[in-house]
Amino acid sequence: MTPLLRRWRRLPAPVVDAGLAVLLGVAVTVAIDLAPTQGREPDALAYALGWTIAALALLRRRWPLAVLLASAATLQAYNQLDNPGLFAAVPLSVALATAWAAGHRGWALAVAAWFAGTPIVYFALVDQAPPPDTLPNVALLAAVLLLGEAVRNRRALDREHRLLLAEQARSERLLLNVLPAPIAARLKQAEGVIADEFPDVTVLFADIVDFTLRSQQSTPEQVVQVLNDLFSAFDELARQRGLEKIKTIGDAYMVVGGLPEPRPDHAEAVAEMALAMREEVARRDDRGGPPLALRIGIDTGPVVAGVIGRSRFSYDLWGDTVNTASRMESHGVPGCIQVTARAYERLRDGFRFQRRGPIPVKGKGEMVTYFLVGRNPSVRR
């Protein structure tokens, strides 16, 4: 596409239509002046009819069929007044092409056939040879209709392209709701198995205390509404801190810091997330029931992350760090944030803790754990 055509397409539609109307009016005026005089000399009415057809071009987008029929009627009136011969494709070209492109192909063909075929039929009836310009005139009318078809096809392609772009954007949003952006980009590049090892991340599990019992006392709609509202708030907290939500399982929520893009402050970001989650829950009530409470567990260490599934993708984590963080949650205390000793060592300078002591942990034996109490006010952030 040439730069001139690109600039033309960027013009507002009213400006384009006004320009076409002026050009069409000038063309009709020139055609009237140059047409061989077969009847009376052209007068003001002849030029007024020509400019009426030009003015109709201003309405061609809104009423393409009406403009075509009005233009045809005006041209027919011009010819009936015994004015100089005016070739139909000059005043009708814009209306014909627009009506054809708008899908009114039957009417466009009928109008073109009338103005192209009437002279041929007339001269055949009076047993005279048609003027030498008749065939070129018919060819020009056909070219105008072909132009309308080209415009129609281009509009159809543009419409399909816009629909395709909208569907691609929708698919992109859906994919980014399931996978982290860097992982989604790798998946779109047809990468095979996506699996990465991360030596240092922080994993958080959170679970709503006694939510199963609460669910039995609520309608399904209420259960889903409570989870949707709460987990949507958690999603926003994770987004604000640059953390990656991994999944929800029932009333459990899993988030991780330090992947898929490594960052040195992942433990601090997850600790801030845990405190914010607890504050978020404290602000909510359960429609007159007992206050909501979370058990939260955190561990820091290595994990393996990757994409599993084909029809429904899932980005998940595996490793001892994941299992231990889950145990910290399940062996925790309602309303508390329990962390492992290695998470405590990473966070002790910036946060306040309470030592819980050695506790038996399923599959791990006795472990020294800590409760994250809050931020350390003496540390600047």
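The values are calculated or read from the model by the stated rules, or taken from the named source; none is laboratory data. Please read all numbers here as calculations on a predicted model, not as lab measurements. We place every Cβ from the backbone using ideal geometry, glycine too, and count neighbours over all the protein chains shown.
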Taking the stretch 23-42 and keeping residues at pLDDT 75 or above and surrounded by fewer than 13 Cβ atoms within 10 Å (Cβ to Cβ) leaves 30
For the stretch 187-224 the number of residues that are surrounded by fewer than 16 Cβ atoms within 10 Å (Cβ to Cβ), charged (D, E, K, R) and either outside the structural domain of residue 371 (by TED's automatic domain parsing) or within 18 Å of residue 306 (Cα to Cα) (or both) is 4
Among residues of the stretch 78-110 being outside any helix (DSSP H, G or I) and modelled with pLDDT under 75, the residue surrounded by the most Cβ atoms within 10 Å (Cβ to Cβ) is 88
Of the conditions (1) within 18 Å of residue 323 (Cβ to Cβ); (2) touching a strand residue (DSSP E or B) at 6+ places or on another chain (Cβ under 8 Å); (3) of a type outside the set (S, T, N, Q), the single one that residue 234 does not satisfy is (1)
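Determine which member of the set 314, 330 is surrounded by fewer than 17 Cβ atoms within 10 Å (Cβ to Cβ) and more than 22 Å from residue 242 (Cβ to Cβ).
Working: 314 fails: more than 22 Å from residue 242 (Cβ to Cβ).
Within the list 314, 330, the selection yields 330.
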For residue 322, state whether it is over 15 Å from residue 252 (Cα atoms) and either modelled with pLDDT of 90 or more or outside the structural domain of residue 352 (by TED's automatic domain parsing) (or both).
no
Scanning the stretch 336-359 for residues that are over 26 Å from residue 199 (Cβ atoms) and without any contact (Cβ under 8 Å) to a residue 24 or more places away in the chain gives 354, 355, 356, 357, 358
If you go through the stretch 249-272 one residue at a time, do you hit one that is in a helix (DSSP H, G or I) and exposed (fewer than 13 other Cβ atoms within 10 Å of the Cβ)? no
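For (1) modelled with pLDDT of 85 or more; (2) touching a Gly at 6+ places or on another chain (Cβ under 7 Å); (3) under 14 Å from residue 253 (Cβ atoms), each residue gets a yes or a no:
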{"site": "266", "(1), (2), (3)": "yes, yes, no"}
{"site": "273", "(1), (2), (3)": "yes, no, yes"}
{"site": "290", "(1), (2), (3)": "no, no, no"}
{"site": "302", "(1), (2), (3)": "yes, yes, no"}
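Checking the condition of a type outside the set (D, E, K, R), within 30 Å of residue 194 (Cβ to Cβ) and in a loop (DSSP other than H, G, I, E, B), which residue from 363, 306, 332, 297 passes?
363
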Taking the stretch 325-372 and keeping only residues that are of a type in the set (Val, Ile, Thr), farther than 21 Å from residue 264 by Cβ and within 43 Å of the chain's Cα centre (by Cα), one is left with 337
